[in-house]
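Before I ask anything, let me first share the structure, which is written out below as structure tokens.
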Amino acid sequence: MPNDKTGERYIAKSPDDLMTREEAMSMSGLESMQAMVAGKYPGPPIAGQLGYNIDTVEEGRVVFRGAPKFEFTNPMGTVHGGWYGTLLDSCMACAVMTRVPRGSTYTTLEYKVNIIRSIPLGMDVLAIGECQHAGRSTGIASGEIRGVEDGKLYATGSTTCIIMQVAKPA
């Protein structure tokens with residue numbers, strides 16, 4: 001649901017804004033992500049803090065859009081590697097999430113980031129996560145950060161997630 005003042009999606013401001021465990025377990029990961037895009041549930045607080053939003057959700061593919069701000073720079077004045085890492089972790093893990101069945105959850109086990117070039121401050125980028133495998137207990141995804149205007153590749157990543165059945169599917 002867009003925020004009237006900024007045009008950005010609604011971001012959770014407190015734990016009470018997030019979906020309950022029962023709500024989360026009643027939906028597949030894809031349904032959960034689609035509910036966020038539709039505005040039924042807010043996006044995660046980290047997205048608001050780091051200036052990115054969900055752009056696209058499809059089975060096995062999630063795209064985030066954002067732009068780094070000065071607040072995200074390192075002492076050299078370039079975008080901190082943690083911003084690249086968080087953005088890639090988000091899109092890759094959410095791509096796995098779109099393949100997680102009802103009654104299950106997931107979390108990142110490990111991820112790797114390769115920074116290719118510095119993203120100019122304020123430049124819109126897309127972080128594209130694609131799930132290559134989602135099995136009973138693990139999910140594998142890759143990701144890339146590309147400039148919206150220039151199409152250049154700024155970083156790549158890969159992740160392994162654990163998938164855990166928590167509740168019996170209804």
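Taking the criterion of being under 28 Å from LYS168 (Cα atoms) and either buried (at least 22 other Cβ atoms within 10 Å of the Cβ) or in contact (Cβ under 8 Å) with a residue 40 or more places away in the chain (or both), would at least one residue in the stretch 73-90 satisfy it? Steps first, answer last, please.
Going through the stretch 73-90, the residues under 28 Å from LYS168 (Cα atoms) turn out to be 89-90.
Next, from what is left, pick out any that are either buried (at least 22 other Cβ atoms within 10 Å of the Cβ) or in contact (Cβ under 8 Å) with a residue 40 or more places away in the chain (or both): 89-90.
Looking through the stretch 73-90, at least one residue is under 28 Å from LYS168 (Cα atoms) and either buried (at least 22 other Cβ atoms within 10 Å of the Cβ) or in contact (Cβ under 8 Å) with a residue 40 or more places away in the chain (or both).
When you look at GLU58, is it among the acidic types (Asp, Glu) and under 17 Å from GLY129 (Cβ atoms), yes or no? Explain how you work it out, then say what you get.
On the way: among the acidic types (Asp, Glu): yes; under 17 Å from GLY129 (Cβ atoms): yes.
Considered against the rule, which asks whether it is among the acidic types (Asp, Glu) and under 17 Å from GLY129 (Cβ atoms), GLU58 comes out as yes.
Would you confirm whether or not the stretch 113-127 contains a residue that is under 16 Å from ILE162 (Cα atoms), modelled with pLDDT of 95 or more and either in contact with a helix residue (DSSP H, G or I) (Cβ under 8 Å, 6 or more places away or on another chain) or part of a loop (DSSP other than H, G, I, E, B) (or both)?
no
Taking GLY85, is it in a helix (DSSP H, G or I), closer than 29 Å to GLN165 by Cβ and of a type outside the set (A, V, I, L, M, F, W, C)? Lay out the reasoning, then the answer.
Numbers: in a helix (DSSP H, G or I): yes; closer than 29 Å to GLN165 by Cβ: yes; of a type outside the set (A, V, I, L, M, F, W, C): yes.
For GLY85, the condition - in a helix (DSSP H, G or I), closer than 29 Å to GLN165 by Cβ and of a type outside the set (A, V, I, L, M, F, W, C) - is met.
Only residues that are within 23 Å of ALA141 (Cα to Cα), more than 11 Å from the chain's Cα centre (by Cα) and aliphatic (A, V, I, L, M): list them for the stretch 45-99, please.
Of everything in the stretch 45-99, those that are within 23 Å of ALA141 (Cα to Cα), more than 11 Å from the chain's Cα centre (by Cα) and aliphatic (A, V, I, L, M) turn out to be LEU50, ALA67.
Which one of these is out of contact with any Cys (no Cβ under 8 Å at 6 or more places or on another chain), on the phi < 0 side of the Ramachandran plot and hydrophobic (A, V, I, L, M, F, W, C): ALA67, ALA127?
Numbers: ALA127 fails: out of contact with any Cys (no Cβ under 8 Å at 6 or more places or on another chain).
The unique qualifying residue is ALA67.
May I pose another question? Evaluate the stretch 144-153: report whether one residue or more is within 30 Å of THR20 (Cα to Cα) and in contact with a Ser or Thr (Cβ under 6 Å, 6 or more places away or on another chain).
We begin by selecting, within the stretch 144-153, every residue within 30 Å of THR20 (Cα to Cα); these are none.
Looking for residues that are within 30 Å of THR20 (Cα to Cα) and in contact with a Ser or Thr (Cβ under 6 Å, 6 or more places away or on another chain), one finds none in the stretch 144-153, hence no.
Collect the residues in the stretch 137-169 that are closer than 16 Å to LEU30 by Cα and not in a strand (DSSP E or B), keeping them in residue-number order.
The answer is PRO169, and nothing else.
Given THR160, THR138, THR107, which one is touching a residue at least 12 places away in the same chain (Cβ under 8 Å), exposed (fewer than 13 other Cβ atoms within 10 Å of the Cβ), closer than 30 Å to GLU22 by Cα and of a type in the set (Val, Ile, Thr)?
Working: THR160 fails: exposed (fewer than 13 other Cβ atoms within 10 Å of the Cβ); THR138 fails: exposed (fewer than 13 other Cβ atoms within 10 Å of the Cβ).
None of the other options fit; the residue is THR107.
The values are calculated or read from the model by the stated rules, or taken from the named source; none is laboratory data. These numbers were taken from a predicted model, which means no experiment stands behind them. All Cβ positions, glycine included, derive from the backbone under ideal geometry; neighbour counts span all protein chains shown.
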